[in-house]
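The values are calculated or read from the model by the stated rules, or taken from the named source; none is laboratory data. In this text, all values refer to a predicted model and were calculated from it rather than measured experimentally. Cβ placement follows ideal geometry from the backbone for every residue including glycine, while neighbour counts extend to all protein chains displayed.
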Protein chains: 2
Amino acid sequence: MTTYTAPIDDYKFVLNDVIGLDRYANLPGFEEVTPDLVDAILEEAGKVAAEVLHPINQSGDLEGCHWDDGVVTTPKGFKEAYDLYAESGWGSLTAKADYGGQGLPQTLAIMVSEMMIAANWGFTMYPGLTKSAVEALDAHASDALKQKYLPNMVSGKWSGTMNLTEPHCGTDLGQIRTKAEPQGDGTYRISGTKIFISAGEHDLSENIVHLVLAKIPGGPPGTKGISLFLVPKFLVGDDGGLGERNGVSCGSIEHKMGIHSNATCVMNYDGAVGWLVGEEHRGMPAMFTMMNEARLWVGIQGLGIAEVAYQNAAVYARERLQGRAISGPKNADGPADPIIVHPDVRRMLMTGRAFIEGARALAALTGMQIDMIHRHPDETVRRDADDFVALMTPVVKSYFTDMGVEIASLAMQCFGGHGYIQDNGMEQFLRDARIAPIYEGTNGVQAMDLVGRKLAMNGGRAVQKFFAEVTRFIAENKGTAELAPMMEALEKGLGRLQQATLWLMQNAMAKPDNAGAASSDYLRLMALVAMGWAWAQCARAAVQKLAASPANPAFYEHKLITARFFFERMLPDTGSLLKKIESGADSLMALPAEAF
Amino acid sequence: MTTYTAPIDDYKFVLNDVIGLDRYANLPGFEEVTPDLVDAILEEAGKVAAEVLHPINQSGDLEGCHWDDGVVTTPKGFKEAYDLYAESGWGSLTAKADYGGQGLPQTLAIMVSEMMIAANWGFTMYPGLTKSAVEALDAHASDALKQKYLPNMVSGKWSGTMNLTEPHCGTDLGQIRTKAEPQGDGTYRISGTKIFISAGEHDLSENIVHLVLAKIPGGPPGTKGISLFLVPKFLVGDDGGLGERNGVSCGSIEHKMGIHSNATCVMNYDGAVGWLVGEEHRGMPAMFTMMNEARLWVGIQGLGIAEVAYQNAAVYARERLQGRAISGPKNADGPADPIIVHPDVRRMLMTGRAFIEGARALAALTGMQIDMIHRHPDETVRRDADDFVALMTPVVKSYFTDMGVEIASLAMQCFGGHGYIQDNGMEQFLRDARIAPIYEGTNGVQAMDLVGRKLAMNGGRAVQKFFAEVTRFIAENKGTAELAPMMEALEKGLGRLQQATLWLMQNAMAKPDNAGAASSDYLRLMALVAMGWAWAQCARAAVQKLAASPANPAFYEHKLITARFFFERMLPDTGSLLKKIESGADSLMALPAEAF
C-alpha cells in the first residue's frame, strides 16, 4: 500500500548543478558519462525500483525468509526480481570492464543504490553485499582468484557475503575462534561458526562466495593474527563450472525486528575449503576495504529509507483531513483541512526533507571523492580525496542511519494510529531502518573511529583540510545576499566544531575517556557541519540557477526554503553538542559498574 | 529471556526523601498511608510484576491476540494473571471505598502502574483502561449508573474501554459519525464504527463497559454536539446480573508493530443500547476527565518501558566482554573487558538512568498534586494543584513517551546485533514503546494543548506559578555548595524557557502558525526544565541524607552523580531548542502543500 517514486529531478540537480559533472569529463571513464547516459540510467533505475522492487517490499516483510534443513527460501517474487536486476546489469555498474563491469562512477551508483534501497531494503542487501565483496576481492585477491570468481559475481550469477561476527564477538574481532588450517596445497580448511551473516544462504544465485575472517594456527594473537579467506558454497572447477558442495552450511536464520526478507544466517564452517585473500595475518586491512565501502552503503540505506518514508508521509499529510489550520481554514468546503496545514506536521515533513536533500548532496560529494581516489591522475588530489572519504565514512554511516530511524519514525507519526498498524507499511520502514545503526560497526564504534583514529590520522591532516574547505566556501559566498544568513550560521557551526576539536586535543591525551565520552556528540556535530556545507552548496547552485531565469524556478526556490529550514531548525544543535562534549567524561564514568 | 526487578529503593527515596510523604499525614485518606503500608504495597507489586506479569511478556508478544468470529482470545497465561491481579486488588488501589476501592493516593498508584507496565505493557493496558473509565464514570455518571457498574469495574470483574476514534477521524473528533438515537425511556441506541479500541474485546472479564462518544441527531455541529455514553457488552439487569448480549461486536483486530498482547479492536455498534454519561452534548469535557488521567498514565508507560529496557541493557553491558577500556584493561585476566567500561556505552546507560530517575520524581510530584486536587481542604491549594497538573499533563505524556522510545532504542543499541533479533526481547520493548507517542492524542497534539491552551489558561496563571516555584527553589538552594552548579544550570534553562514563553506571547498572536511551529520544541524545553527542577529536588534530598551519615551513602552519592549527568548532558538542549523556537514558522510554512 506504500508507494515510491524515484526523485530523479533531485539527482539531476545534485549531479549537474551542485557537483557539475561536466567539469570532470577529463577523468578516465567519465568521458563516456554523458548527461544523456546519466539521465537514462537514473530513469531506468527509478522504474525498476518503483515497478519491480517496491511491489514486493511489504509482501517480502510479511512472508520473510524460510529455513528448512539448511535451505533458505526467499519471499515470493524475489527470485524473478533478482534475475531481472542481474540481467539488466544493476549489480555491475561500478565493476571493472575486465570482469564484465560497466566502470561507471560511484557517484552515480550511490544514487542508484538509494533508489533500490528505498524501494526494497531487504532485497537490495543481496546484490549490495556482492558489490562490496567484489571490491574487496578486486583490491586484495590474487589474479587467479579474481579471474575465477569476479566475472560471475559481477554478473550476479554468484553472490557474495562477509563473515566476521561470531557468537562471542562482533566489534572485538581479535577474539574470533574460526580456524584456517593450511593444507600445504595453497588451500586452507576453515572451521568455526559465524553469526548474523546477511544473505549467507538463499535461493537467488547459483553460488555464494563467502569472505571469511579466520585465524591460522600459530599466528599472532588478536586482530594481527586474522586472515581473510574466500570460501565458496560450491567448489569451482578449473573450467569455472560448479563442483561439489563445500563444507559450509546454514544452521539457522534469525527472527528479527525487520529486514525480514533478507536471510540473517548462522553459518557453520566444517573443514570448508578456503583460499587466502591477500597475505596471511593481513585479513583486517583487507576486510576494511570491504567494510569501508559497506559503511558508506549502509549510510545510503538510512537515506533511502528516509526518502520512501517521507514520500508516503507527504502523500498522507496532503490527503488526510483532520482539524482546521490555526491560521484559518484552507479547505473550507471540505469537512476539515488536510493535516499538512498544521505547523507541527510540517516540522516533521520538513525535517525529513531537509535531511534527505542535504544528505543526498553530501553522499554525492563523498561519492565524487571516491571516484577521484580511483581515477584522478594527480597523486595530491587522490590523497586529498582519500582523506576526505576516510573522515566522512563514519560520519555518513552514523548520521545517515540515525536519521533514517528518526525520519522513518517521524513519517510514521504523521500517520497517527494508522502508522502503527501493519497494513499501511509505515511501521515496516521503522523496523527495517533500525538495523542500520547497528550493523557494519555500531554507530558508537564509528564515533570512536572518527575521534580516536580519523582525527589524529597524519597529524590531523584530513580534518584540517575539511575545516579549510568549509572556511574557504564561507568566505567565497558570504557576500551573496541570499546566502549570507546561511553562511553566518555555518560559520558559527564550524566554529563550534573547531572548538570541540581543540577541546579534544587538549583533554583526550591526558584522559582518554574524554574522547570516548565526546565521540557520539562530536560525530553528530561534524555531521551537522558537513550537512551545512553540502546544503550551502545546494543553496549556491539554486541561487545561480535562479539568476539565469530557469524554466522551473519553483524547484530552486523550494531548495532555498528547505536550506533555510536546515540552517534554522537543525544546525542549531551544534551549540548544545559542544556544551555536552566540553562537560567531559566524569559524569559518565563516576558510577561503579555494579551500580548500574 | 529479559528480566525485571522493581526499583523499590528508588520509589522509597522519592516518596520519603524527595516528597516527604509523612508531611501529608493530615490529608484525608493519607493518615492510614503509613511507611509500613507503602513498603508492603511496593514490595508486593514488585513481586507480582516480576513473577507473574513479566514471565508472560515475551510469550504474549509472540503469540498475540486472536480473533475468531467476534471472539478475542488473549495469549496463554493472561486470564490467570488477570484473575490474580484483580483478586489481589491491584486494579482498585485508588478507587473510592464506596465502590470497593482502597482509596489510596495516586502518587503511590503511579509507582505501582510503572512496575506493572515495565513488566508487561500489553497486559497492563486491560486493567489500566478500566481504571480510567472508572474515574470518568465516578466524575460524570448518574448515581444509578455508578451503583450499577462501578463496584464490578473496581473489582476487575468487568473491564472498561474508551471509544473515540473512527476510520475518518482521530484527533478531529468533531467529525465523528456514530449516532445515538434517544429511545424516550432514558436509553439511546448507538450505531457506528469505532476503530483502534484498545481492549475492546477479550476473554479476561465477564463484561466490558464501553464509554462511547456519539452524536445525538439534531445537536450542534462539531465537538459541541458530542455526547458520552455507557454501552455494556452484556446488558445488566436490575439485580446486577448479566443479561442479553448488547448490539456491539468486535469486527476485527489490528496487526500492529507492537503491544501484540493487547487487542486493538474495530468495534461495530449496531443499535446497541447505551446510557448517557453526564449531560447531552457535553461528552467532550466528560471524556477529557478520562483522557487527562489516561495521558498521565501513558506518560508512565514511557517511564516503565525505559526502566525495563535500561535494566536489561545494564545487565548485558556488565556481562558482555568486548574490547578493552581506552583507559587500560579493567578485566585483564579475561579475554576482554565488559562493554560497560566504554564511555559511549556509559553515555547510553546514563541517559536512560538520568531520564528514568528524574521522570520518576517528576511523576510522583505530579501525582501528589493530583492527590491534592482530590483531598486538600484548602481551595487555593486545590486550584494551584489543578493548574500544575493541567500544565504537566501534556509535558509528561509527550516527553516521557518520546524518551521511552529513545531509551528503549539506546538499550537495544547496547546489545548490538543481539538487540535486533527477537530472542533477546529488546526489540519488543522498542516496538511496544512506539505506540505511546501516538495514542491518547499524538505528542504533536499535546504540544498544541500546552502552547495553545495551557499557557494562556487563566491569563497564564499556571505557567507563571511554575516559573515562580522553580525560581524560588533555585534561590533557596544555590547557596548549598554541592547544589550550586546544578542550580546555575537550572537557572539558565529556566531563563530560556521564560524567553521562549515571552517570544510566544509576542509572536503567536499576530501569526498563530508561530505557536504551532514552536509547540513541540517548546514542550521539550519545558519538560527539560521540569525535569531539572525534579532532579534538583532529588539532589537536595541526597545532600541532606548524606549530611546525616546514612547507612547506605553510596545510594545518595550515585544520585548526585546521575543528577550531574542530567545537568551536564541533557539540560543543555534547552539552548538549541530556544534557537529553533525563535526562528519562527516561516521556513516550515513557505512551501506550497503540493511541493511535498
Being aliphatic (A, V, I, L, M) and part of a helix (DSSP H, G or I), is that true of even one residue in segment A:65-80?
no
Quick one: count up the residues across segment B:56-72 that are within 24 Å of B:Glu427 (Cα to Cα) and either in contact (Cβ under 8 Å) with a residue 24 or more places away in the chain or touching a strand residue (DSSP E or B) at 6+ places or on another chain (Cβ under 9 Å) (or both).
10
Picking from B:His376, B:His418, the residue that is more than 23 Å from B:Ala309 (Cα to Cα) and touching a helix residue (DSSP H, G or I) at 6+ places or on another chain (Cβ under 6 Å) would be B:His376
State all residues of segment A:482-501 that are over 16 Å from A:Gly575 (Cβ atoms) and part of a helix (DSSP H, G or I); if no residue qualifies, say none.
A:Ala484, A:Pro485, A:Met486, A:Met487
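Residues to consider are A:Ala541, A:Ala554; find the one that is more than 9 Å from every other protein chain (Cβ to nearest Cβ) and surrounded by fewer than 22 Cβ atoms within 10 Å (Cβ to Cβ). Talk me through it step by step, then tell me what you get.
On the way: A:Ala554 fails: more than 9 Å from every other protein chain (Cβ to nearest Cβ).
Among A:Ala541, A:Ala554, only A:Ala541 is more than 9 Å from every other protein chain (Cβ to nearest Cβ) and surrounded by fewer than 22 Cβ atoms within 10 Å (Cβ to Cβ).
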Hits in segment A:490-516 - residues which are buried (at least 16 other Cβ atoms within 10 Å of the Cβ) and hydrophobic (A, V, I, L, M, F, W, C):
A:Leu490, A:Leu494, A:Leu497, A:Ala500, A:Trp503, A:Leu504, A:Ala508, A:Ala515
Any idea how many residues of segment A:132-171 are of a type in the set (Lys, Arg) and modelled with pLDDT under 95?
0
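So that you can scan it fast, the table gives a plain yes or no per residue for (1) aliphatic (A, V, I, L, M); (2) more than 16 Å from A:Trp275 (Cα to Cα):
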residue: A:Gly128; (1), (2): no, yes
residue: A:Ala136; (1), (2): yes, no
residue: A:Trp158; (1), (2): no, yes
residue: A:Pro167; (1), (2): no, yes
residue: A:Asp172; (1), (2): no, yes
residue: A:Leu204; (1), (2): yes, yes
residue: A:Leu213; (1), (2): yes, no
residue: A:Ile216; (1), (2): yes, no
residue: A:Pro221; (1), (2): no, yes
Note: among B:Glu280, B:Glu293, just one is surrounded by fewer than 17 Cβ atoms within 10 Å (Cβ to Cβ) and either within 30 Å of B:Arg353 (Cα to Cα) or of a type outside the set (Ser, Thr, Tyr) (or both), namely B:Glu280
From the residues in segment A:437-457 that are part of a helix (DSSP H, G or I) and within 8 Å of chain B (Cβ to nearest Cβ), which one is surrounded by the fewest Cβ atoms within 10 Å (Cβ to Cβ)?
A:Gly452
Does segment A:306-314 contain any residue that is part of a helix (DSSP H, G or I), under 23 Å from A:Leu490 (Cβ atoms) and touching a Gly at 6+ places or on another chain (Cβ under 7 Å)?
yes
Pick from segment A:145-169 the residues that are of a type in the set (Gly, Ala, Ser) and over 21 Å from A:Met267 (Cα atoms): which of them is surrounded by the fewest Cβ atoms within 10 Å (Cβ to Cβ)?
A:Ser155
Tally, over segment A:331-347, of residues that are at the interface with another protein chain (Cβ under 8 Å from one of its Cβ atoms) and closer than 26 Å to A:Phe555 by Cα:
9
Just wondering, is there one or more residues in segment B:416-436 that are part of a loop (DSSP other than H, G, I, E, B), within 14 Å of chain A (Cβ to nearest Cβ), surrounded by fewer than 24 Cβ atoms within 10 Å (Cβ to Cβ) and modelled with pLDDT of 95 or more?
yes
Of all residues in segment B:313-324 being more than 8 Å from chain A (Cβ to nearest Cβ) and touching a helix residue (DSSP H, G or I) at 6+ places or on another chain (Cβ under 7 Å), the one that is surrounded by the most Cβ atoms within 10 Å (Cβ to Cβ)
B:Ala313
Spot the failing condition for A:Ile216; the list is (1) within 30 Å of A:Val345 (Cα to Cα); (2) touching a Pro at 6+ places or on another chain (Cβ under 7 Å); (3) among the aliphatic types (A, V, I, L, M), and only one is missed.
(1)
Neighbours by Cβ (under 6 Å, 6+ apart or cross-chain): first from segment B:544-563, over 13 Å from B:Arg353 (Cα atoms); second hydroxyl-bearing (Ser, Thr, Tyr):
B:Lys545/B:Tyr556; B:Leu546/B:Tyr556
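Is it fair to say A:Gly302 is under 28 Å from A:Leu145 (Cβ atoms) and away from chain B (no Cβ under 13 Å)? Walk me through how you get there before you give the answer.
Working: under 28 Å from A:Leu145 (Cβ atoms): no; away from chain B (no Cβ under 13 Å): yes.
No: the conditions fail for A:Gly302.
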Kindly indicate whether any position in segment B:119-140 is free of Cβ contacts under 8 Å to residues at least 40 places away in the same chain, assigned to a loop (DSSP other than H, G, I, E, B) and among the β-branched types (Val, Ile, Thr).
no
For residues that are without any contact (Cβ under 8 Å) to a residue 60 or more places away in the chain and assigned to a helix (DSSP H, G or I), scanning just segment B:167-220, find the one that is nearest to the other protein chains (Cβ to nearest Cβ).
B:Gln175
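Could you run through segment A:81-98 and say how many residues are in contact with a Ser or Thr (Cβ under 8 Å, 6 or more places away or on another chain) and assigned to a helix (DSSP H, G or I)?
Of all residues in segment A:81-98, those in contact with a Ser or Thr (Cβ under 8 Å, 6 or more places away or on another chain) come to A:82, A:86, A:91-92.
Retained after the next criterion (residues that are assigned to a helix (DSSP H, G or I)): A:82, A:86.
Looking only at that region, the number is 2.
Does at least one position in segment B:386-405 carry a residue that is over 30 Å from B:Leu104 (Cβ atoms) and either facing chain A (nearest Cβ under 10 Å) or more than 20 Å from the chain's Cα centre (by Cα) (or both)? Walk me through it before giving the result.
Start the filter on segment B:386-405 by keeping residues that are over 30 Å from B:Leu104 (Cβ atoms), which leaves B:405.
Imposing the further condition that a residue be either facing chain A (nearest Cβ under 10 Å) or more than 20 Å from the chain's Cα centre (by Cα) (or both) reduces the set to B:405.
There is at least one residue in segment B:386-405 that is over 30 Å from B:Leu104 (Cβ atoms) and either facing chain A (nearest Cβ under 10 Å) or more than 20 Å from the chain's Cα centre (by Cα) (or both).
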Just to check your reading of the model, which residue among B:Lys580, B:Lys559 is within 9 Å of another protein chain (Cβ to nearest Cβ) and either over 18 Å from A:Ser576 (Cα atoms) or crowded, with 19+ Cβ neighbours inside 10 Å (or both)?
B:Lys580
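Can you work out which of the residues in segment A:315-348 that are in a loop (DSSP other than H, G, I, E, B) and in contact with a strand residue (DSSP E or B) (Cβ under 7 Å, 6 or more places away or on another chain) is nearest to A:Cys414 (Cα to Cα)? Talk me through it step by step, then tell me what you get.
If we filter segment A:315-348 for residues that are in a loop (DSSP other than H, G, I, E, B), which is where we start, we get A:320, A:322-337, A:342.
Add one more test, that the residue is in contact with a strand residue (DSSP E or B) (Cβ under 7 Å, 6 or more places away or on another chain), and what stays is A:320, A:322, A:331, A:334-337.
Working: A:Arg320: 10, A:Gln322: 12, A:Asn331: 19, A:Gly334: 20, A:Pro335: 19, A:Ala336: 16, A:Asp337: 15 Å.
Among them, the one singled out is A:Arg320.
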Would you point out the residue of segment A:552-596, among those that are in contact with a Gly (Cβ under 6 Å, 6 or more places away or on another chain) and of a type in the set (S, T, N, Q), that is farthest from B:Thr574 (Cα to Cα)?
A:Thr574
Residue under question is A:Glu293, and the condition is that it be among the charged types (D, E, K, R) and part of a helix (DSSP H, G or I); does it hold?
yes
Any pair with Cβ under 8 angstrom, 6 or more apart, that starts in segment B:28-50 at a residue that is within 15 Å of B:Asp9 (Cβ to Cβ) and ends at one that is surrounded by 13 or more Cβ atoms within 10 Å (Cβ to Cβ) and among the charged types (D, E, K, R):
B:Val38/B:Lys12; B:Asp39/B:Lys12; B:Leu42/B:Lys12
